[in-house]
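Accompanying notes for the structure given below.
The values are calculated or read from the model by the stated rules, or taken from the named source; none is laboratory data. Since this is a predicted model, take the numbers as computed values, not measurements. Cβ coordinates were reconstructed from backbone atoms using ideal geometry, including for glycine residues, and neighbour counts include every protein chain displayed.
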Amino acid sequence: MKAVIQRVSEAAVVVDGTTVGAISAGAVVLLAVENGDCEADAAWLAKKIVELRMFGDNDGKMNLSLQDIGGSILAISQFTLAGTCDKGRRPSFVSAAPPDEGKRLYDCFLDQVKGLGVPVATGIFQADMKVQLVNDGPVTFILERRSGEKP
């Protein structure tokens with residue numbers, strides 16, 4: 001599983017001209033599910049993101065997590081993160097999980113985040129989405145978890 005996490009002061013996702021998810025302070029999480037990923041990967045990633053100290057304290061140091069600031073996550077499924085551009089000019093997506101498995105593990109990730117007490121807004125799985133955000137910092141992290149890795 002791969003995730004790009006962007007600290008935001010606000011974000012929204014629009015599908016067919018309608019806002020389907022929006023948050024204020026928190027993080028936008030672009031999430032890709034790859035072949036071989038499992039529930040343990042989703043749980044690890046959710047916990048890591050929720051507890052990641054990416055928000056500034058009173059001294060401006062990154063010492064606060066989403067839980068600490070009462071922040072939210074806007075989670076967007078993005079299979080293109082599983083793409084490789086090593087050969088030729090067209091990206092290859094052979095490592096991306098099939099849609100049914102991708103949706104199942106994306107939903108598992110959402111459930112894990114909610115279980116940790118962080119509100120979650122989402123886009124629509126497999127929809128053409130327009131993501132709007134105000135990057136705070138900017139602060140951006142890339143996390144990856146492969147099945148079988150130790151936590």
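In this entry, Phe125 passes the filter for residues that are of a type in the set (A, V, I, L, M, F, W, C), touching a Pro at 6+ places or on another chain (Cβ under 9 Å) and surrounded by 13 or more Cβ atoms within 10 Å (Cβ to Cβ).
Residues of the stretch 1-25 that are of a type in the set (A, V, I, L, M, F, W, C), under 11 Å from the mean Cα position of the chain (by Cα) and surrounded by 19 or more Cβ atoms within 10 Å (Cβ to Cβ): Met1, Ala3, Ile5.
Working only within the stretch 99-151, note down all residues that are among the polar types (S, T, N, Q) and at pLDDT below 95. Explain how you work it out, then say what you get.
As a first pass, look at the stretch 99-151 and keep what is among the polar types (S, T, N, Q): 112, 122, 126, 132, 135, 140, 147.
Correct list: Gln126, Ser147.
Of the strands (runs of 3 or more DSSP E) lying entirely inside the stretch 2-118, those containing at least 3 residues that are in contact with a helix residue (DSSP H, G or I) (Cβ under 9 Å, 6 or more places away or on another chain) are 2-15, 26-32, 72-77.
For the stretch 26-37, which residues satisfy the criterion of being surrounded by fewer than 22 Cβ atoms within 10 Å (Cβ to Cβ) and either among the polar types (S, T, N, Q) or within 25 Å of Gly70 (Cα to Cα) (or both)? Outline the logic, then answer.
Filtering the stretch 26-37 down to residues surrounded by fewer than 22 Cβ atoms within 10 Å (Cβ to Cβ) leaves 30, 35-36.
Passing the criteria: Leu30, Asn35.
How many residues does the stretch 38-77 hold that are among the small types (Gly, Ala, Ser), without any contact (Cβ under 8 Å) to a residue 12 or more places away in the chain and either surrounded by 14 or more Cβ atoms within 10 Å (Cβ to Cβ) or under 13 Å from Tyr106 (Cα atoms) (or both)? Residues flagged as among the small types (Gly, Ala, Ser), without any contact (Cβ under 8 Å) to a residue 12 or more places away in the chain and either surrounded by 14 or more Cβ atoms within 10 Å (Cβ to Cβ) or under 13 Å from Tyr106 (Cα atoms) (or both) within the stretch 38-77 amount to 1. Screening Thr84 against (1) of a type in the set (Val, Ile, Thr); (2) in contact (Cβ under 8 Å) with a residue 12 or more places away in the chain; (3) exposed (fewer than 14 other Cβ atoms within 10 Å of the Cβ) leaves a single unmet condition, (2).
On the stretch given as the stretch 99-114, residues that are surrounded by fewer than 16 Cβ atoms within 10 Å (Cβ to Cβ), in contact (Cβ under 8 Å) with a residue 24 or more places away in the chain and not basic (Lys, Arg) total 1.
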